[in-house]
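Report on the structure given below.
The values are calculated or read from the model by the stated rules, or taken from the named source; none is laboratory data. These figures come from a predicted structure and were not determined experimentally. Here the Cβ is made from the backbone with ideal geometry for all residues, glycine too, and neighbour counts use every protein chain on show.
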Amino acid sequence: MARRTQSRWGQALAWPALLASLLVGLSSSVSGGALAQGKVLRLVLDGAKNREAELQAIAGYLRQIGVDAQVRVWEYQTLLAEAQEGTRDAYATDWGSATFSPFDLAIPKLRTQDRGNFSFYSNPEVDRLFDAASTTMDEAKARDAYVKAQRILYEDAPWIFGYYLDTIEAASARVSNWRPSVDNRINLHDVELQGGTTLVVGLRADRIQSFDPADHRDRDTETVLRNMFDGLVTRTPDGEVVPEIAESWQQPHATTYVFKLRRGVRFHNGDPLTAEDVVFTFERILSPKGLDGRPSPRLGLLGPLSKVEKVDDYTVKMTLKNPSPVFLQLLVHTQIVPHKYMEQVGLAGFVRHPVGAGPFKFVRGRLDGDIVLERFDGYYGGSPQLPPVGPARIRRIVFRMMPEPGSRIAALLAGEAHIIQEVPPDAVDRLERARGVQVKVAPGTRLYEIELNNDRLKDPRVRRALNYAVDWDEILEALYRGYAHRVATAMLPSGFGYDERLKPYPYDPDKARQLLQEAGYAVR
């Protein structure tokens, strides 16, 4: 399943005054009403601490229509295990897209028994539409299938549909050629620091998962590693796929890709990068025991890839099980490792001192501490479609673990960090007024929702009622100050096939009461 990168915004915002007053108003409204005849719908809303404020507000709205709604706060991994077992009624979670497509967002979450479907939703027609959309190379047919699937999802309401958050980052005014990426990656190849040679990045994480590009499923880890390792292709800050180590590619058949590699690309230890390294990289991920007897968590990001073959020293052929319109987007997430070096030092030696072919080379670091990289002067230059081409502009980079938003902001204002991740929305005005600071925003690619246990809440009228009952606009304005945006179902506006005509559920408590009554429940 996709690795969850937990937002710390809720921790930074605590309980804004507007949300607190909202809860008081909802409480007063509930206490003054009487329940109509019928059984009472009882619902526990589960979530991690960072979503507690949101869940308390949702519970208040549900009580307003007669639902006995309670909130329970969990450690996230414990909650996730409970949700996977089907023991929870409803829980707050999020899921990120790596391809700007429903392929790795809506499909794994809502196709019957797919890897992320912890709401236990099942609809054969949605399955058929998902399969059709994700395998056809006809863009119009794929879009039409996704649109039809969204219409069904809207009516079935397997979740309380939520929102996505903007990516907000900040940097010193001394930093140039930097902007946030839609996939949260911080690409430092192009960045310059006026009057300095060492750039410090304040990461939102308390640790990254691995120094092995094949052994993680985490965006913060990917930010660090993709400054050390390059892939066949990469992505612009806006999401366009462009060549990187690959010089070009052809698709002679719907299930065949042939990549020509650049000559002269070298790893940090001086070894040339050839087709042998590319085949080795992908076979490690495809093999069930590719990581010293363990499977790679990156396997799901290779989609229908089944075989990788060396044609000659600088040509690689890839064969897919079925056509995939997002295959090139998927390739962005695989970085090439050196076959010869990996065999010499083994996996343990590799993670102690990783060697890639990216713009920066590893100097020292720990997964839970500072990670120091230096410019690789022998770098081939990177994608010619992402100028400037050549060695990186910065001599040295330090990635510093700063999980607390307040600490990141303080470090930026004190000049101890030059770029920081995930600025809380309520801190934006302060930073924009600060001298020597720049704040930039990019659309986010993580979807935040309340997943409903469809085995327990079988009646779609009840699930639709829960959607109508929540005033999301009020909650999101209170918590996220305009940096959160509602969605109608389980797809993002930045993704392929998004239906702009389908609007999110409006706040309509009367409609919610009507649906609950039709389903046999008491209303207030």
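Tabulated values for the structure
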item	result
Any hit, segment 158-172, residues being under 29 Å from V439 (Cβ atoms) and assigned to a loop (DSSP other than H, G, I, E, B)	yes
Wholly within segment 270-366, strands (runs of 3 or more DSSP E) carrying at least 1 residues that are aliphatic (A, V, I, L, M) and under 27 Å from D138 (Cα atoms)	305-312, 315-320
Hits in segment 228-263 (condition: under 20 Å from the mean Cα position of the chain (by Cα) and either among the basic types (K, R) or over 22 Å from R375 (Cα atoms) (or both))	R235, D238, G239, E240, V241
Members of segment 256-304 found to be small (G, A, S) and touching a residue at least 40 places away in the same chain (Cβ under 8 Å), listed by number	G264, G270, A275, G290, S296, G300, G303
Flag for K321 being charged (D, E, K, R) and out of contact with any Phe, Trp or Tyr (no Cβ under 8 Å at 6 or more places or on another chain)	yes
Options L299, L291, L305, L273; residue that is surrounded by 15 or more Cβ atoms within 10 Å (Cβ to Cβ), touching a Pro at 6+ places or on another chain (Cβ under 8 Å) and in the same structural domain as H333 (by TED's automatic domain parsing)	L273
Single residue of segment 212-235 satisfying the filter (assigned to a strand (DSSP E or B) and either at pLDDT 95 or above or of a type in the set (S, T, Y) (or both)) that is surrounded by the most Cβ atoms within 10 Å (Cβ to Cβ)	T234
Restricting segment 109-133 to residues that are of a type in the set (S, T, Y) and touching a Ser or Thr at 6+ places or on another chain (Cβ under 7 Å), the residue that is surrounded by the fewest Cβ atoms within 10 Å (Cβ to Cβ)	T112
For V201: the one exception among (1) within 17 Å of K361 (Cβ to Cβ); (2) assigned to a loop (DSSP other than H, G, I, E, B); (3) out of contact with any helix residue (DSSP H, G or I) (no Cβ under 6 Å at 6 or more places or on another chain); (4) of a type outside the set (D, E)	(2)
Options D144, D206: the member that is of a type in the set (D, E), in a loop (DSSP other than H, G, I, E, B) and surrounded by fewer than 18 Cβ atoms within 10 Å (Cβ to Cβ)	D206
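Condition check ((1) over 30 Å from N117 (Cβ atoms); (2) touching a Leu at 6+ places or on another chain (Cβ under 8 Å)) across all residues:
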position: R433; (1), (2): yes, no
position: G436; (1), (2): yes, no
position: V439; (1), (2): yes, yes
position: R446; (1), (2): no, yes
position: L452; (1), (2): no, yes
position: D455; (1), (2): no, no
position: A478; (1), (2): yes, yes
